[in-house]
1. Would you please classify the overall shape of the chain from the alpha carbon gyration tensor, given that a ≥ b ≥ c denote the square roots of the eigenvalues, rounded means a/c under 1.5, and beyond that prolate means a/b larger than b/c while oblate covers the rest?
2. Which value, in debye to the nearest 20, describes the size of the charge dipole of the range 2-145 about its Cα centre when Lys and Arg Cβ atoms bear +1, Asp and Glu Cβ atoms bear -1, and nothing else is charged?
3. Between the range 97-113 and the range 1-67, what is the C-alpha centre distance in whole Å?
4. Select from LEU144, THR15, ALA31 the residue farthest towards the positive end of the dipole of the chain; place +1 on Cβ of Lys and Arg, -1 on Cβ of Asp and Glu, and compute about the Cα centre.
5. Looking at the chain, do any whole DSSP H helices span at least 20 angstrom along their long axis by alpha carbon and average 0.0 or above on Kyte-Doolittle, and which?
6. Okay, helix-only estimate at 222 nm for the chain: each DSSP H run of n ≥ 4 adds -39500 (n - 2.57), divide by all residues, round to 500 deg cm²/dmol; what do you get?
7. For Cα pairs less than 8 Å apart in space and 6+ apart in sequence, what is the mean separation divided by the residue count of the chain, i.e. the relative contact order in percent?
8. Applying a 10 Å radius around every beta-carbon, put 91-104, 25-38 in order of their mean neighbour count, most first.
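Please treat every number below as a calculation from the coordinates, not as lab data. Since the model is a prediction, treat every value here as computed from it, not as a measurement. Cβ: placed from backbone, ideal geometry, glycine included. Neighbour counts: every protein chain shown.
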Amino acid sequence: VFTLGHAITLTLVVTGAIPSVGTWIEPIIAATIALGGYLAYRQKPAQTAFVVVPLVFGLIHGLGFAAAAADKLQDIGTGDLAKLLLGFNVGVEAAQAGIILATAGVLWVLGRARLETTPLRRVLGLLIAIAGTAIMAARIWPLLIGA
């Protein structure tokens with residue numbers, strides 16, 4: 001669902017259907033990381049969180065991908081654009097699959113060791129939330145002072 005979200009907004013920006021959002025999207029992306037950490041920290045995520053949250057996060061992250069690549073995408077042909085979008089989305093999906101496999105491997109080892117994973121999930125979620133908040137503050141500050 002995340003991949004679908006970022007593919008939608010990336011495609012919309014690259015094709016000119018919606019404008020590029022610029023650097024203001026960066027603190028919002030960091031906020032999604034902080035919120036994701038918080039949701040992992042929570043004991044019982046809402047059922048809608050499994051579909052809605054990744055979709056919204058994907059839409060936001062797609063705007064960030066497009067903003068980062070906007071200057072490189074000018075004057076690109078239609079055929080090249082399709083290849084670029086396909087390649088980019090396959091690349092992001094491959095990276096996500098790698099992260100998921102690594103995480104699943106760690107959780108499998110912990111499960112085999114009969115260790116309770118809830119405290120680990122909560123600690124990691126809290127650390128991710130703190131890191132996302134710090135990144136968000138670091139991205140907002142230059143926007144506020146005009147740097």
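1. On the way: a/c = 2.49, a/b = 1.52, b/c = 1.64.
Verdict is oblate for the chain.
2. On the way: 9 positive and 6 negative charges, 141 e Å.
The calculation lands at about 680 debye.
3. Centre-to-centre distance over Cα atoms comes out at 24 Å.
4. Positive-end residue among those listed: ALA31.
5. On the way: long enough: 25-41 (24 Å, 1.39); 52-69 (26 Å, 1.96); 78-112 (50 Å, 1.11); 118-145 (41 Å, 1.45).
Passing helices, by number: 25-41, 52-69, 78-112, 118-145.
6. Working: 5 runs with 111 residues, N = 147.
Mean residue ellipticity, 222 nm, calculated: -26500 deg cm²/dmol.
7. Working: 145 pairs, mean separation 67.8, N = 147.
The value is 46 percent.
8. On the way: 91-104: 11.1, 25-38: 18.9.
Output ranking for 91-104, 25-38: 25-38, 91-104.
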